[in-house]
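The values are calculated or read from the model by the stated rules, or taken from the named source; none is laboratory data. Model, not experiment: these values are computed from the prediction. Quick reminder, even Gly has a Cβ in these numbers, built from the backbone with ideal geometry, and neighbours come from all protein chains shown. Protein only, heavy atoms only, side chains kept; ligands, DNA and RNA dropped before computing areas. Shrake-Rupley method; radii C 1.70, N 1.55, O 1.52, S 1.80 Å.
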Amino acid sequence: MTIRIQATTFDSLLAEHLPRTFPALGICVIHRGEVALEAGWGWLDPPTRQLPVTTESLFDLASVSKLLVEVSFLTLVEAGAVGMDDALVAVIPEFGRINPRAIDGGQDPHTRAFLPAEARFDGVTVDPTTVTFKHLLTHSSGLAPWRSIYRLAGENPPPPPQPTEPYDLARWQRGLAAMVEFPFVGTVGDTVRYTDVGIMLLGEAVARLFGGRLDQAVRALVLQPLGLRSFTYNPIQNGIPRERVAPTELDNHWRMRRVWGEAHDENACGLGGIAGHAGLFATAGDVARFGQAWLSGDSRLPVGTALRSLATQEQVCGQFRLGLGWMLKAGRDSSAGDLYSQSAYGHTGFTGASLWIDPERQLVCALLANRVYHGRHPEGIHAFRRAAHDRIVTAIDRA
């Protein structure tokens, strides 16, 4: 029996959060391989309300982008092109050029302030050649969570380019030159520190192993086989009208414009819009279909059963419970809510995107919102995610 979730399930919840927490929302729920709900709410142009959200609206996925890059890497592992325990320098040799590497405190991603190193690392150095791909996937490499790489990549980027305008590879190359030389913030394997820098380097490795750009690798390894056509980096450059894209923050600090049709994340945007940690846009429907392909072991996604199982088993636990790229449900305050099973896994994105999968219920849910539209620190998205997931599970269980 195909279960249908009514859009009215969210009426009271949306009355609380739309447009205060976010002005635009897309949801797609798949249960036992069938779409139970696919809908959009709100407006892509809140001041004029001329562009209602539809199921074809694209949202900035922020860190949910990491999943596509990480799964691309796992397809290369399955194909024998690389090993999980191979050293990063086997693919990016320049990462080992400065050895040993110093330890500092990194930067706060919100204030941009440079932080002091932990006292326990006084006088300690790191051998970068000991960083493996598993360390990157589990955020246990000791690399800094965040660095202002976009400041090193070139002048402030202009507004999104016109369709067919060439990709600015030079920005990425300048950023990469800095990434491979940054100090660490801890020793390799010491603890979990969620790091954009590590996944940016993983994205570069995927591109080199594939033999092309990262966007070409992700498309060839994952998106084209699964028929997921809405996923794109740099949507306007790739011919998608801005009117189909949910806008994000009014950036009064760097770009000095409303971010609309370009990556909200500064490092992704500043390095040309194509990066391992952020930059992808997609519809809620396609994000959910990606999750369903992973859950079902779709043969078009060549990651074998054993590797898929490892990817969603706890590999490390610290700041997060992590498999190989996938975040695992942890504690009683998970964004997956209270009713998803403890075997649930997924990922969230700073812009308001999330994908959560409950294998016990055969349930996939993509919630895409632009919660940064009102600024970087609006409250409510965590509470909304939890409540929405609980309502979805309740509707499924009662049907």
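Write out, first by first residue and then by second, each pair whose Cβ atoms fall under 8 Å of each other, whose residues are 6+ apart or on separate chains, and whose first residue, in the stretch 187-211, is part of a loop (DSSP other than H, G, I, E, B) while the second is among the charged types (D, E, K, R) and open to solvent by 30 Å² or more (accessible area, probe 1.4 Å).
Going by the 8 Å Cβ cut-off, the qualifying pairs are Val188/Asp127.
Please verify whether the stretch 304-316 includes one or more residues that are modelled with pLDDT under 95 and closer than 30 Å to Met179 by Cα.
yes
State all residues of the stretch 293-306 that are open to solvent by 30 Å² or more (accessible area, probe 1.4 Å), closer than 20 Å to Leu363 by Cα and in a helix (DSSP H, G or I); if no residue qualifies, say none.
Passing the criteria: Ser296, Thr305.
Quick one: in the stretch 313-328, of everything that is in contact with a strand residue (DSSP E or B) (Cβ under 7 Å, 6 or more places away or on another chain) and either among the charged types (D, E, K, R) or part of a loop (DSSP other than H, G, I, E, B) (or both), which residue is most open to solvent (accessible area, probe 1.4 Å)?
Glu314
Select from the stretch 220-233 the residues that are assigned to a helix (DSSP H, G or I) and either in contact with a strand residue (DSSP E or B) (Cβ under 7 Å, 6 or more places away or on another chain) or without any contact (Cβ under 8 Å) to a residue 12 or more places away in the chain (or both) and list them in ascending order. Spell out how you get there, then give the answer.
Applying the first criterion (assigned to a helix (DSSP H, G or I)) to the stretch 220-233 yields 220-226.
Listed by number, the residues that qualify are Ala220, Gln224.
For Arg332, which of the numbered conditions (1) surrounded by fewer than 19 Cβ atoms within 10 Å (Cβ to Cβ); (2) basic (Lys, Arg); (3) within 18 Å of the chain's Cα centre (by Cα) fails to hold?
(3)
Looking at the stretch 257-273 only, could you name the residues that are open to solvent by 10 Å² or more (accessible area, probe 1.4 Å) and either among the aromatic types (Phe, Trp, Tyr) or in contact (Cβ under 8 Å) with a residue 24 or more places away in the chain (or both)?
Of everything in the stretch 257-273, those that are open to solvent by 10 Å² or more (accessible area, probe 1.4 Å) and either among the aromatic types (Phe, Trp, Tyr) or in contact (Cβ under 8 Å) with a residue 24 or more places away in the chain (or both) turn out to be Arg257, Trp260, Glu262, Asp265, Glu266, Cys269, Gly272.
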